[in-house]
Structure formats: structure tokens, C-alpha cells
Amino acid sequence: MKLVALPAFTDNYIWMLHDDRQAIVVDPGDAAPVAAALDGLGLALAAILVTHHHPDHVGGVAALRPRLQGGQVWGPARESIPLPFLPLADGDVVDLLGLRFQVIDVPGHTAGHIAYYLPATGDGEAPVLFCGDTLFSGGCGRLFEGTPAQMHQSLGRLAGLPGNTRVCCAHEYTESNLKFAQAVEPANAALARYTVACRALRAGGLPTLPSTIAQERAINPFMRCNAPDVITAAQTQGAADASGPAVLGALRAWKNQFR
Ligand code: ZN
Ligand code: FE
């Protein structure tokens, strides 16, 4: 299976998995880059997977639907996405192109947000996670519909996936996230190294993604709410106590106004 990031809008990625014949796309906010990739590579569209209802994730579904030729749109059961779609919730599995995707509920950015985890790609490659706007490299989504406690739990579940899991986020927000992460944890050496590597990728016009779960555990402050320096920084920003939800809530509020 080949894993491709299709850039869309200003900073979105539409992720595509394909076997040189058939493709699965995740969160096609815009149909045009998907259509161009399918036509360019001579691929049929086997399925569309959606993580949450925001327009930059579902805007291209209607225009791509005619290409599905019997394939289906799958999405979060608790959100309204373009009909018809097959509803998914925590613990469900989706079998496509010989792959079995596991559905994980990750509320926080939106109330019904789901992620898709692929433990094995059939060719001995590392697991893959499609996490939409829940986990970004170095950051997490804004809490539009959920609470800090929900996001803390959701990120905790993703942190529990194997360290080599390839993390396919829906936005290229890494550089600005890392600027914030360094304000939170200036002494984190792994973060400093990763920042240099990501800056080089962006200077070369390349995506910083996929990241890995191990990388995020080491550098993402929102996944490090129990690290002493992160707790201290959050408390200077008003975290009421050292609990995960309080720390995450303070970090998120700080990040919202960080420049
Ligand atoms: Zn979103
Ligand atoms: Fe988004």
C-alpha cells in the first residue's frame, strides 16, 4: 500500500492509500486534488473515510461520489456528514482493499470525531493512523465542541498506539505548533532536534507528515500533560491543578492566543 498526502486549500492534507489500482481517501475537503491524483495514477476510488463534519474535510464528498462505483462513504455516526454514509463508532472495523481499519472515538475538536487506525498494511510496513483534526504534529485541534477532559482522554488513547504508528494529520500546522511547544518546554532536547528537522523539510517544500506516535509522545506538549515542565508551564498560565485535563485546558487556552 502506498500512502500519499495530497495538499489541499492552504494547509490541509487529504490522505490517500492505494495499491496502484484502487484508492481510499480520507477527509476529501476538496475534490479537485483527489480527482487529479486518481486520474494521474490511473486509480479507481474504492472508498471515502471521514473523521468529522467540518467543511474542509467533507467538502469534496459530493463531487467524488460518482467515482465510487459501488464503494461507500464511511463517517462518524454521531455527526452530520453528506448523506448517504455508513455510520461508525468506537470499536467498529472497516474492511477495505484487504485492510482492516479500526475506529477510535476521539471527541474534543468536534463532539463525534473519530480516527481510523490501521494496525498492518499487509506489506510489513508500520501501522497508520488517520486522526483528522484531533492530533497534529506538535499540537492538537481546537476544542470547538468538546472539553479539555475529552481531548485529554482522546490523545491518551492515541498515545497508547504503537510508537512506530505513522500519524497522518489533516493539517500542516507543525512549524507553528513547534514554536508554541518550545515556549512550553524550552529544555526539551528532542523537541529542539525535531524542530530543526521539520524546518528543513518545509524549506524544501516537503510535508512534515506523517509523524509517529513515538515522536509525538516525545515532543507534543498536549500529549505530555504529565511531564513536570509542561505542568509547571501550564500552572503559570492558570491551570488550577496538575491533573491532565486542567493542564491540557490551560495549554489549549494559551495556544489560542499565542503568536
Ligand atoms: Zn476540523
Ligand atoms: Fe480541518
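The values are calculated or read from the model by the stated rules, or taken from the named source; none is laboratory data. As the structure is a prediction and not an experimental result, all values here were calculated from the model. Note that each Cβ is placed from the backbone with ideal geometry, even for glycine, and that neighbours are counted across all protein chains shown. Heavy atoms of the whole protein, side chains included, go into the accessibility calculation; ligands, DNA and RNA do not. Shrake-Rupley method; radii C 1.70, N 1.55, O 1.52, S 1.80 Å.
Taking a virtual spin label 7 Å from the Cα of residue 83 along the C-beta vector, which residues in the range 33-62 bring their backbone nitrogen under 19 Å of it? Residues passing the 19 Å test: 50, 52-55, 58-62.
Normalised per residue, the accessible area of the chain is 40 Å², obtained with a 1.4 Å probe and no contribution from ligands, DNA or RNA. In this simple spin-label model, placing a label point 7 Å from the Cα along the Cα-to-Cβ direction at both residue 111 and residue 202 gives a separation of 3.4 nm.
Across the range 168-180, computed HN-Hα scalar couplings (Karplus, 6.51 cos²θ - 1.76 cosθ + 1.60, θ = phi - 60°) run 9, 8, 8, 9, 8, 10, 4, 4, 5, 4, 6, 4, 5 Hz from first to last residue, x flagging Gly and Pro.
To the nearest 10 degrees, how steeply does helix 31-41 sit against the main Cα axis of the chain, on a 0 to 90 scale? In the chain, helix 31-41 runs at an angle near 60 degrees to the longest axis. Residues 142, 65, sorted by accessible area with the largest first, give 142, 65 [1.4 Å probe; ligands and nucleic acids excluded].
As a rough guide to protection, the peptides 102-113, 146-157 ranked by mean Cβ packing within 10 Å, highest first, stand as 102-113, 146-157. Residues 145, 172, ordered by accessible area of protein heavy atoms at a 1.4 angstrom probe radius and largest first, appear as 145, 172. Accessible surface ranking for 137, 243, 1.4 angstrom probe, highest first: 243, 137. Computed in the context of the full set of protein chains, the accessible area of the chain at 1.4 Å probe radius has 55% of its extent on carbon or sulfur. With the whole protein complex present, residue 21 retains an accessible surface near 150 Å², based on a 1.4 Å probe.
Were the residues from residue 189 through residue 237 laid out at 0.36 nm apart, the gain over their Cα-Cα distance would be 15.0 nm.
What FRET efficiency do you get for residue 63 and residue 20 if R0 is 22 Å and r is their Cβ-Cβ distance, rounded to the nearest 0.05? Computed FRET efficiency for residue 63 and residue 20: 0.40.
Okay, helix-only estimate at 222 nm for the chain: each DSSP H run of n ≥ 4 adds -39500 (n - 2.57), divide by all residues, round to 500 deg cm²/dmol; what do you get? Mean residue ellipticity at 222 nm (helix-derived): -9500 deg cm²/dmol.
Counting charges near residue 248 (Lys, Arg +1; Asp, Glu -1) among other residues having Cβ under 11 Å from its Cβ returns a value of +3.
Taking Cα centre as origin and charging only the Cβ of basic (Lys, Arg, +1) and acidic (Asp, Glu, -1) residues, the dipole magnitude of the chain rounds to 440 debye. Each Lys or Arg adds one and each Asp or Glu takes one away; over the other residues whose Cβ falls under 14 Å from the Cβ of residue 17, this sums to -2.
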